[in-house]
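A.B. asks: Before we start, here is the structure in question, set down as structure tokens.
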There are 4 protein chains.
Amino acid sequence: MKDIQNQPDDRNIPIDRVGVKDLRYPIIVSDRANSLQHTVASINMFVSLPHHFRGTHMSRFIEILNEHHRDFHIDTVEKILYEMKERLHACEAHMEVQFPYFIEKHAPVSGAASLMEYQCTFHGTLRDATDFVLGVEVPVTTLCPCSKELSEQGAHNQRSLVTIRIRSRQLVWIEELTEIAESSASSPVYALLKREDEKSVTERAYDNPMFVEDMVREIARRLNDDDRITWYSVESENMESIHNHSAYASIEKWK
Amino acid sequence: MKDIQNQPDDRNIPIDRVGVKDLRYPIIVSDRANSLQHTVASINMFVSLPHHFRGTHMSRFIEILNEHHRDFHIDTVEKILYEMKERLHACEAHMEVQFPYFIEKHAPVSGAASLMEYQCTFHGTLRDATDFVLGVEVPVTTLCPCSKELSEQGAHNQRSLVTIRIRSRQLVWIEELTEIAESSASSPVYALLKREDEKSVTERAYDNPMFVEDMVREIARRLNDDDRITWYSVESENMESIHNHSAYASIEKWK
Amino acid sequence: MKDIQNQPDDRNIPIDRVGVKDLRYPIIVSDRANSLQHTVASINMFVSLPHHFRGTHMSRFIEILNEHHRDFHIDTVEKILYEMKERLHACEAHMEVQFPYFIEKHAPVSGAASLMEYQCTFHGTLRDATDFVLGVEVPVTTLCPCSKELSEQGAHNQRSLVTIRIRSRQLVWIEELTEIAESSASSPVYALLKREDEKSVTERAYDNPMFVEDMVREIARRLNDDDRITWYSVESENMESIHNHSAYASIEKWK
Amino acid sequence: MKDIQNQPDDRNIPIDRVGVKDLRYPIIVSDRANSLQHTVASINMFVSLPHHFRGTHMSRFIEILNEHHRDFHIDTVEKILYEMKERLHACEAHMEVQFPYFIEKHAPVSGAASLMEYQCTFHGTLRDATDFVLGVEVPVTTLCPCSKELSEQGAHNQRSLVTIRIRSRQLVWIEELTEIAESSASSPVYALLKREDEKSVTERAYDNPMFVEDMVREIARRLNDDDRITWYSVESENMESIHNHSAYASIEKWK
């Protein structure tokens, strides 16, 4: 059979990224508490394509993935990137993996256990060396300092979604990033709260008001203090309970 | 050219609905304040197909729509349904239209004006007679009565999304339904609030705590009292500020 | 602590459904090939609330779920519904579970194995007896008979999304429903195809043209012939390659 | 009333972006054919915040927008950016606007007119000077050259979504970018095609096979040739009719 993809192309235009997008795949990721966790990922895999080749070989991306999905660690992404680069004769390889990850949390007073979901991302790039970004989305509560100050009683509060992404010189656990976000908010959120817990998180949030600006700064401060981390981006979207739009803030820094 | 769609089908299976889905179209809707409002709709148009025809004529749906999109009122949907039934030789025609609709609101103290978006739906069906359902989604604030009662200070509150759908024997304005939802919540939400308004809505919500159950009941009570309305469905999804899931309640009633 | 939810309500309005929505949870489902499969679900749990109670107890839904998520079979949903009804003193309980489910498929010529994702739903209701609906979404290829007939060469084809939902008097496997949808389309779709497979699926689709109407009828015919099935709904959305909207057809039937 | 936002902050951490996100707003944009077009936008507005201020003033973003939404041109974004920078005392201002835009197209044989929707974006940044990026998403048809070459008859084809973004030294119309994308694909897509048109687009696509790589290169070639354009990014996502994932390619270039 003719290999159309290997035909030459004379437009002299290299392609930055070509590959497969939005592939859904079950994976198993490393978990600080239980060693392994089953989840379902959305995966993008791209390579660069030199100007003289007409096309890449899309099926090889899937073949490479098929060999590795059973234990999907940061190291696995690195192995896959090397194989992509080699088997697709590319100068550059990219892999983006997004997956829900669950951590057992205990309610603050009753201690009742429940599972919280965090959306996580691994983004890896291999040129000469690998570049690796870990991301996690953490839902939290924020309570508005201005509303508290102005009002006789009460203060508007809402669910906020914090996204932290880092580059690091050694392993940082997902659990460490969720902990930083949750302890920098007015209160963490939980899947299960009994009445005594609801009292506790309400009062904690009221005693701990946070603008979206305060929260991203507090998280940035902690990421600044962690010597393992070489780069970070932190953003928060507060789904305001008094508006139908969000308040937003972000900070990005190479350290 | 051969008309494949008109070929006979011998499987003896009628089709309930066949047509076009997720068509995007600019429309102009009637507006209580300004008489006309430009917006952009997502449109579904379906007819029934008797067992003996192989296919419908998809392009005719678009042709019919093209003749009518310039002034899109409840009456327009009815006209379109009659044309679909006739030109597609169908026993039954359905049209579903969803669009954002903007209403100018004034902040409660400063009176500052801003525009709030409400997602609206018109669903029409024509068999022997027309059946017509108007829907509107209204974002509001709810403040938890349990959290207020238990806590020394403060109470968790959040953005909630109320959906009201009605059948009526005479015209009910979108503006009447948004007003019912907003006045049944702990507080309306606004696009623009100055500091004095933020104080006002915070205190109003604190003085007016509402479970998701309370809010749908309060809305149902008002819809029960309106003699124009023959059927309603009301639901609310509260995007809890202390959880990462929603609290939900719904009531449906033929009067 | 005061139990605000148990306060009486004097509006005399019962609530059809109240509970938790969009809860994310890792579950393990039964799998015809491997006996068990880990996945991640979105879960809704609702009960009816009599007119004289002010509110339900939201945390109990999570507690019941926590006791059961480790082996999530159709029987588990039934057990959970009984517990919801009892522990929340309700006349009626509803549970809706949606999850991605993976089946290993083999490419038609090379036999290359890969995993295909299918979105599945379990919807259960318990009043006096349980009512149970199984749903599955199956992506397939459809090739237009009209385009093939009219054109000198080629025919437009596209990805289509078939949704089958059933009630049955005995167990029907997810795998049986995906097989019905895939063999009723112009061609199944696959995660991995080698060149010889791509030739095969292209030719198979060209030899097997299907309107959206043809496909839902063919699936309906097979569901009619299966005596285990007492009710079904089948719909397909064809994401037309020549339009930016979809062609759609649906059939629903009590047998 | 106390101005909490103006309080000092001693963490010494400046914030890159703070403001409002996902605000929905009706706007009127300039249109090459009709001079003005009404549509509905999703808007983000952010400023930078120096390390010594605790918070920005969220309501001012809305006030500035309120003064300008009635005629929303590239020049309007620039005016708004200047006002944001001044009224919020910021070093940097960002505005991101996304909106559906409709262009009347004529079917290739019958000439039948219909409206096609294109999602557009204006992203503006003001530091010392303004930086402005125009984006447009264009749905098209692509037909696989490999499938055509290998198969006796037919070839798989699908809807693809092309995204072009540009910086330019003078005005480039949205209509010019959609034209580049559509003429670089196997075929444009249309909202309305009669039978003779369906024959024409099917044959045109079959005669004009395009890998995702071919299409982004062809678009890049045309953007390279346009001297008004100083930077571009082009990407395409092909929603493969034989897979449940997409094929993807992208090129970005400063000229």
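A.B. asks: Filter region C:158-201 down to the residues that are in a loop (DSSP other than H, G, I, E, B) and not aromatic (Phe, Trp, Tyr) and list them by number.
C.D. replies: Listed by number, the residues that qualify are C:ARG169, C:GLN170, C:LEU171, C:VAL172, C:SER184, C:ALA185, C:SER186, C:VAL189, C:ALA191, C:LEU192, C:LEU193, C:LYS194.
A.B. asks: To continue, here is another question. Among D:LYS21, D:LYS105, D:LYS85, which is the only one that is surrounded by fewer than 18 Cβ atoms within 10 Å (Cβ to Cβ), under 26 Å from the mean Cα position of the chain (by Cα) and outside any loop (DSSP other than H, G, I, E, B)? Working first, answer last.
C.D. replies: Numbers: D:LYS21 fails: surrounded by fewer than 18 Cβ atoms within 10 Å (Cβ to Cβ); D:LYS105 fails: surrounded by fewer than 18 Cβ atoms within 10 Å (Cβ to Cβ).
Step by step, each of D:LYS21, D:LYS105, D:LYS85 is checked, and only D:LYS85 is surrounded by fewer than 18 Cβ atoms within 10 Å (Cβ to Cβ), under 26 Å from the mean Cα position of the chain (by Cα) and outside any loop (DSSP other than H, G, I, E, B).
A.B. asks: Additional query: Taking A:GLU218 as the residue in question, decide whether it is assigned to a helix (DSSP H, G or I) and either under 19 Å from D:ASP16 (Cα atoms) or among the polar types (S, T, N, Q) (or both).
C.D. replies: Yes, satisfied.
A.B. asks: Now for a different question. Does region A:128-154 hold any residues that are of a type in the set (A, V, I, L, M, F, W, C) and farther than 19 Å from B:PRO139 by Cβ, and which are they?
C.D. replies: Residues satisfying the conditions are A:ALA129, A:PHE132, A:VAL133, A:LEU134, A:VAL136, A:VAL138, A:VAL140, A:LEU143, A:CYS146, A:LEU150.
A.B. asks: Still on this structure, I have one more. So A:ASP75 clears everything in (1) free of Cβ contacts under 8 Å to residues at least 24 places away in the same chain; (2) on the phi > 0 side of the Ramachandran plot except one condition, right? Which one?
C.D. replies: So the condition that A:ASP75 fails would be (2).
A.B. asks: What's the total number of residues in region D:108-124 that are touching a residue at least 60 places away in the same chain (Cβ under 8 Å), among the hydrophobic types (A, V, I, L, M, F, W, C), more than 16 Å from D:ARG32 (Cα to Cα) and crowded, with 19+ Cβ neighbours inside 10 Å?
C.D. replies: Counting residues in region D:108-124 that are touching a residue at least 60 places away in the same chain (Cβ under 8 Å), among the hydrophobic types (A, V, I, L, M, F, W, C), more than 16 Å from D:ARG32 (Cα to Cα) and crowded, with 19+ Cβ neighbours inside 10 Å gives 1.
A.B. asks: Yes or no: region B:125-133 includes at least one residue that is under 18 Å from B:VAL77 (Cβ atoms) and buried (at least 22 other Cβ atoms within 10 Å of the Cβ).
C.D. replies: Yes; the residues of region B:125-133 include at least one that is under 18 Å from B:VAL77 (Cβ atoms) and buried (at least 22 other Cβ atoms within 10 Å of the Cβ).
A.B. asks: Only one of these is in the same structural domain as C:GLN153 (by TED's automatic domain parsing) and at pLDDT below 95: C:LEU223, C:LEU171. Name it. Full working, then the answer.
C.D. replies: Values: C:LEU223 fails: at pLDDT below 95.
After ruling out the rest, the residue left standing is C:LEU171.
A.B. asks: Let me ask something else about it. Taking region A:238-255 as the search range and keeping residues that are within 14 Å of chain B (Cβ to nearest Cβ) and outside any loop (DSSP other than H, G, I, E, B), which one is nearest to D:ASN6 (Cα to Cα)?
C.D. replies: A:ALA247
A.B. asks: Let me ask something additional. Assuming D:GLU235 fulfils every condition listed in (1) farther than 27 Å from B:ARG60 by Cα; (2) part of a loop (DSSP other than H, G, I, E, B); (3) modelled with pLDDT of 95 or more apart from one, which condition is it?
C.D. replies: (2)
A.B. asks: Do you know which of the residues in region B:208-233 that are of a type in the set (A, V, I, L, M) and over 17 Å from B:PRO188 (Cα atoms) is farthest from the other protein chains (Cβ to nearest Cβ)?
C.D. replies: Of region B:208-233, the ones of a type in the set (A, V, I, L, M) are B:210, B:212, B:215-216, B:219-220, B:223, B:229.
Checking the rest, the ones that are also over 17 Å from B:PRO188 (Cα atoms) come to B:220, B:223, B:229.
Details: B:ALA220: 5, B:LEU223: 10, B:ILE229: 15 Å.
For region B:208-233, the residue satisfying everything is B:ILE229.
A.B. asks: Answer yes or no as to whether B:SER151 is assigned by TED's automatic domain parsing to the domain that holds B:SER184 and either farther than 30 Å from C:GLN7 by Cα or free of Cβ contacts under 8 Å to residues at least 40 places away in the same chain (or both).
C.D. replies: Spelling it out, B:SER151 is indeed assigned by TED's automatic domain parsing to the domain that holds B:SER184 and either farther than 30 Å from C:GLN7 by Cα or free of Cβ contacts under 8 Å to residues at least 40 places away in the same chain (or both).
A.B. asks: Let me ask something else about it. Consider region D:13-30. How many of its residues are within 11 Å of chain B (Cβ to nearest Cβ) and not hydroxyl-bearing (Ser, Thr, Tyr)?
C.D. replies: The number of residues fulfilling the criteria is 7.
A.B. asks: Now a separate question. Please determine, by comparing only the residues of region A:32-42 that are more than 8 Å from every other protein chain (Cβ to nearest Cβ), free of Cβ contacts under 8 Å to residues at least 40 places away in the same chain and not in a loop (DSSP other than H, G, I, E, B), which one is surrounded by the most Cβ atoms within 10 Å (Cβ to Cβ).
C.D. replies: Among residues in region A:32-42 that are more than 8 Å from every other protein chain (Cβ to nearest Cβ), free of Cβ contacts under 8 Å to residues at least 40 places away in the same chain and not in a loop (DSSP other than H, G, I, E, B), the one surrounded by the most Cβ atoms within 10 Å (Cβ to Cβ) is A:LEU36.
A.B. asks: If you don't mind, there's one more thing I want to ask. Please find, within region B:112-128, the residue that is nearest to the other protein chains (Cβ to nearest Cβ) out of those that are in a loop (DSSP other than H, G, I, E, B) and either of a type in the set (S, T, N, Q) or more than 19 Å from D:PHE61 (Cβ to Cβ) (or both).
C.D. replies: Ranking the qualifying residues of region B:112-128, first place goes to B:ARG127.
A.B. asks: Any residue that is without any contact (Cβ under 8 Å) to a residue 40 or more places away in the chain and within 24 Å of C:PHE102 (Cα to Cα) - is there at least one of those in region C:51-59? Talk me through it step by step, then tell me what you get.
C.D. replies: Restricting attention to region C:51-59, the residues satisfying the condition of being without any contact (Cβ under 8 Å) to a residue 40 or more places away in the chain are C:58-59.
Applying the additional criterion that residues be within 24 Å of C:PHE102 (Cα to Cα) yields none.
The answer is no, given that none of the residues of region C:51-59 is without any contact (Cβ under 8 Å) to a residue 40 or more places away in the chain and within 24 Å of C:PHE102 (Cα to Cα).
A.B. asks: Taking region C:128-178 as the search range and keeping residues that are among the basic types (Lys, Arg) and under 24 Å from the mean Cα position of the chain (by Cα), which one is nearest to D:GLU152 (Cα to Cα)?
C.D. replies: Within region C:128-178, the match that is nearest to D:GLU152 (Cα to Cα) is C:ARG159.
A.B. asks: Give the residue, chosen from D:PHE61, D:PHE46, that is under 24 Å from the mean Cα position of the chain (by Cα), within 22 Å of A:GLU252 (Cβ to Cβ) and within 11 Å of chain B (Cβ to nearest Cβ).
C.D. replies: Working: D:PHE46 fails: within 11 Å of chain B (Cβ to nearest Cβ).
Criteria check complete, one pass: D:PHE61.
A.B. asks: Look at B:ASN6 and say whether it is among the polar types (S, T, N, Q), touching a residue at least 24 places away in the same chain (Cβ under 8 Å), within 14 Å of chain D (Cβ to nearest Cβ) and closer than 30 Å to C:SER147 by Cβ. Spell out how you get there, then give the answer.
C.D. replies: On the way: among the polar types (S, T, N, Q): yes; touching a residue at least 24 places away in the same chain (Cβ under 8 Å): yes; within 14 Å of chain D (Cβ to nearest Cβ): yes; closer than 30 Å to C:SER147 by Cβ: yes.
So B:ASN6 fits the description; yes.
The values are calculated or read from the model by the stated rules, or taken from the named source; none is laboratory data. Bear in mind that the values here come from a model prediction, so they are computed numbers and not experimental data. Ideal geometry is used to build each Cβ from the backbone, glycine not excepted, and the neighbour counts take in all protein chains shown.
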